[in-house]
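The structure under discussion appears below in the form of structure tokens.
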Amino acid sequence: KAGVTQTPRYLIKTRGQQVTLSCSPISGHRSVSWYQQTPGQGLQFLFEYFSETQRNKGNFPGRFSGRQFSNSRSEMNVSTLELGDSALYLCASSFGLGDTEAFFGQGTRLTVV
Amino acid sequence: QKEVEQNSGPLSVPEGAIASLNCTYSDRGSQSFFWYRQYSGKSPELIMFIYSNGDKEDGRFTAQLNKASQYVSLLIRDSQPSDSATYLCAVNRGNTPLVFGKGTRLSVIA
């Protein structure tokens, strides 16, 4: 069974640009959560989607947005990139909301220059 | 502000010893407690979860939960160099997002 797939694995963008990251959950999983990981702040929750609806949102500015499609694949978008957005963006897939096991993808390493 | 606190380490233990990793949390409404392991350059992977006070054992790993004192710990028996990684503690209230600590870096010395 395929794991969680995140694309692309690496990105380099310039300040002011926007970026879209993609996450394909494990087949049958309907919940997708996004996290930002930085050395200073650790893993911080961005948002969670279940059945195409955003169920929870973390304390990030409106430049961070996301969506989920009917096949449970999810995308997150960051507009007007800032240097501080450089981070590892992780997607976690689980069967349902608050499910015991959340499986993480390999992440997308975003570097803003 | 709901927080999860962990000592950043590094925690160094000799091969074969018991490694003890600790975590405290501020939200008394927390119901579920998780330990993730993250190797350098890799994504977190779930090791164990615990819901009830007491101990839960899985192979060389034991999770301990004390809700009254708001702490959860992970014991790794017979530590191996392959256990060297960052260990992340996470909690939630059930149907809520995981709140992670910043992790403790464990180094097992051969």
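Please treat every number below as a calculation from the coordinates, not as lab data. None of the values given here were measured: they were computed from a predicted structure. A quick note on method: Cβ atoms are made from the backbone with ideal geometry, for glycine too, and the neighbour counts reach across all protein chains shown.
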Residue with peak Gaussian network fluctuation, chain B [Cα springs, cutoff 10 Å], from B:ASN22, B:ASN95, B:ASN66: B:ASN95
Averaged over B:44-54, number of beta-carbon atoms from partner chains that fall within 10 Å: 2
GNM top mover of B:SER82, B:SER20, B:SER73 - chain B, alpha-carbon springs below 10 Å: B:SER82
Prolate/oblate/rounded label for segment B:33-110 (Cα gyration tensor, a/c 1.5): oblate
Distance between segment B:1-23 and segment A:5-32 - C-alpha centres, whole angstrom: 31 Å
Separation between Cα centres of segment A:68-101 and segment B:37-59, rounded to whole Å: 22 Å
Under 16 Å from the B:ALA68 label point (7 Å along Cα→beta-carbon), backbone N, segment B:15-57: B:52-55
Note, ³J(HN,Hα) from phi for segment A:20-33, Karplus 6.51, -1.76, 1.60, rounded to Hz, x at Gly and Pro: 10, 10, 10, 9, 10, x, 4, 4, x, 7, 10, 10, 10, 10
Radius of gyration, Dmax [the protein assembly as shown; alpha carbons; angstrom]: 17.5, 51
Cα gyration tensor category, rounded, prolate or oblate, for segment B:1-55 with a/c compared to 1.5: prolate
Mean separation of Cα contacts under 8 Å (6+ apart) over length of chain B, as relative contact order %: 39 percent
Fraction of beta bridges assigned by DSSP in chain A that are antiparallel (%, nearest 5): 90 percent
Pairs of Lys in chain B closer than 21 Å at Cα, counting only those 8 or more apart or on different chains: 5
Relative contact order computed over segment A:24-88 (Cα-Cα under 8 Å; 6+ residues apart), in percent: 29 percent
